[in-house]
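Chemist: Sharing a structure with you now.
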Amino acid sequence: MKKYLISGAILAIIIIAIVVINLLIGAKTQDNMVTIRLNEVTHSVFYAPQYVAMANGYFTEENLNIELTTGQGSDKVMTAILAGQSDIGLAGPETSIYVYNEGKEDYTQVFAQLTKKDGSFLVSRKEEPDFSWENLRGTTVIPGRKGGVPYMTLEYVIKKNGLNPQTDLVLDDSIKFDLMAGAFTGGNADYVTLFEPTASLTQNAGKGYIVASVGEASGEIPYTAYCAKKSYIESNPEIIQKFTNAIYKGQLWVEEHSAEEVATLIQSYFPDTDLDILTQVMQRYKDIDVWNDTPVLKQESFELLQEVMSEAGELKQNAPYDKVVNNNYAEKAIEQVKK
């Protein structure tokens, strides 16, 4: 009996030791976690690879804890970064171009591209099964903030289809980004551009009809990317690399899985949206190929963006690609993640 008691005591000690060791390891891992204040321009399924990276623990694997906030506009995201309220921003690369051209010494650099097409959809007040961009003639459209990529991309599409955005229709840019859907359903304008899942929710509520994809009509353009102040990147190269690695893993996972699988994985980030709608939205985005295959922002894409900005009258001089874009971390992510 004594022998069994001793054996039991030893086993108990071993179990306790294992528990203590695991707790210590867990505490150490927690201590090593670095919190990143990430500010996204809006909360949308459009950024699915980011939510996949969060849901699959890719940031945790890199010892990063993401503290996510939503800026509701690229200009607001950039303001938060420059004020030191956010570390990294997910916004249109045009904001980094504007900041560089203002002559700021500590300007922001884009280090990872997420999307390569406009993710908004044109929503009409009435059904238009045979929609043509010519239908916009003589109408009022709510396009977002003037100077933002959504506005400029829509202008680009309008011009491509033979309309003059200054004389053939009215682009009402007086409504804030986060109020656009509400303004439209409240009776303002004939059309509005909305991101998902807001566009589908508006349609399902009988408040409008999705008639066109702005991204499909415009073609590839560097639409949303991650940026940070140059000083932050230089002081935290390991953090930027780990962040970029996590995003790239998310991009790969989205590419390799079905719309339903992606929707199921990220549903917790959109609790008010039905899984069937999320799946429908994901398929819609997959069909128009909105996501970048890698985090690299190519020079030809950057120059196309500046061309669109110039045509919109928002860019007086081009910013140098090698100053505004820093692909070092994106290129290393491709090497490290695929090993």
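Each reported figure results from applying straightforward, stated rules to the coordinates on display, with no laboratory input. As the structure is a computational prediction, the values presented were derived from the model and not from experiment. Counting neighbours? That spans all protein chains shown, and the Cβs are built from the backbone with ideal geometry, glycine included.
Chemist: Can you give the extra length, in nm with one decimal, that the chain gains between residue 35 and residue 106 once fully stretched, where that is 0.36 nm per residue apart less the Cα-Cα distance?
Modeler: Additional length available on full extension: 23.4 nm.
Chemist: Which number do you get for Rg(Cα) / (2.2 N^0.38 Å) in the chain?
Modeler: 1.15
Chemist: Let me ask something additional. When ranked by the protection proxy of mean other Cβ atoms within 10 Å per residue, highest first, what sequence do the peptides 69-81, 292-304 form?
Modeler: In decreasing order of mean packing, 69-81, 292-304 become 69-81, 292-304.
Chemist: Within segment 123-195, list the GluC sites (Glu not before Pro) lying in a DSSP loop whose Cβ has at most 14 other Cβ atoms in a 10 Å radius.
Modeler: Qualifying residues, ordered by number: 127.
Chemist: Okay, next question. Take 43, 257 and order them by how many other Cβ atoms sit within 10 Å, fewest up front.
Modeler: Lowest to highest Cβ neighbour count: 257, 43.
Chemist: Under 8 Å for C-alpha pairs, at least 6 residues apart: give me the relative contact order for segment 121-218, rounded to a whole percent.
Modeler: 48
Chemist: Please give the helix 149-160 orientation as an angle from the longest Cα principal axis of the chain, in degrees from 0 to 90, rounded to the nearest 10.
Modeler: It is inclined by approximately 40 degrees.
Chemist: Using alpha carbons only, how many degrees (0 to 90, rounded to 10) separate the axis of helix 299-311 from the longest principal axis of the chain?
Modeler: The answer is roughly 40 degrees.
Chemist: Label points 7 Å out from Cα along the Cβ direction at residue 204 and residue 63: separation in nm?
Modeler: 4.2
Chemist: So, in nm, how far is label residue 331 from label residue 131 when the simple model puts each one 7 Å beyond its Cα toward the Cβ?
Modeler: Here the modelled spin labels are 4.0 nm apart.
Chemist: Enumerate the amide H contacts of residue 115 below 5 Å, restricted to partners 5 or more residues apart or on another chain; note that Pro and chain-start residues carry no placed amide H.
Modeler: Amide H neighbours of residue 115: 223, 224, 292.
Chemist: Expressed as a rounded percentage, what relative contact order does the chain have, with Cα pairs under 8 Å and six or more residues apart?
Modeler: 25
Chemist: Could you state the per residue volume, in Å³, of the convex hull enclosing the Cα atoms of segment 121-218?
Modeler: Enclosed volume per residue, from the Cα hull, is 89 Å³.
Chemist: State the extension gain, in nm to one decimal, for the chain segment bounded by residue 293 and residue 261, taking 0.36 nm per residue of separation less the distance between their alpha-carbons.
Modeler: Contour length minus Cα-Cα distance gives 9.7 nm.
Chemist: Run through the DSSP bridge list for the chain and note the antiparallel percent, rounded to the nearest 5.
Modeler: That works out to approximately 55 percent antiparallel.
Chemist: OK, next. If I fit a long axis through the Cα atoms of helix 328-337 and take the longest principal axis of the Cα atoms of the chain, what angle between them do I get, 0 to 90°, rounded to 10?
Modeler: With rounding to tens, the tilt is 50 degrees.
Chemist: Could you work out the relative contact order of segment 181-314, using alpha carbon pairs under 8 angstrom and six or more residues apart, expressed as a whole percent?
Modeler: In percent, rounded to a whole number, it is 28.
Chemist: If you restrict to DSSP beta bridges whose two residues both lie in segment 121-218, what percentage is antiparallel, to the nearest 5?
Modeler: Just about 65 percent of them are antiparallel.
Chemist: OK, next. Can you sort 153, 35, 42, 279 by how many other beta carbons sit within 10 Å, fewest first?
Modeler: 35, 279, 42, 153
Chemist: While we're on this one: Would you calculate the separation in nanometres between label points at residue 310 and residue 176, each defined as 7 Å from the Cα along the Cα-to-beta-carbon direction?
Modeler: According to this spin-label approximation, the distance is 3.5 nm.
Chemist: Applying a 10 Å radius around every beta-carbon, put 110-118, 196-204, 212-220 in order of their mean neighbour count, most first.
Modeler: Result, highest mean first: 110-118, 196-204, 212-220.
Chemist: What is the spread of the Cα atoms of segment 243-339 along each of their three principal axes, largest first, in whole Å?
Modeler: 45, 38, 21
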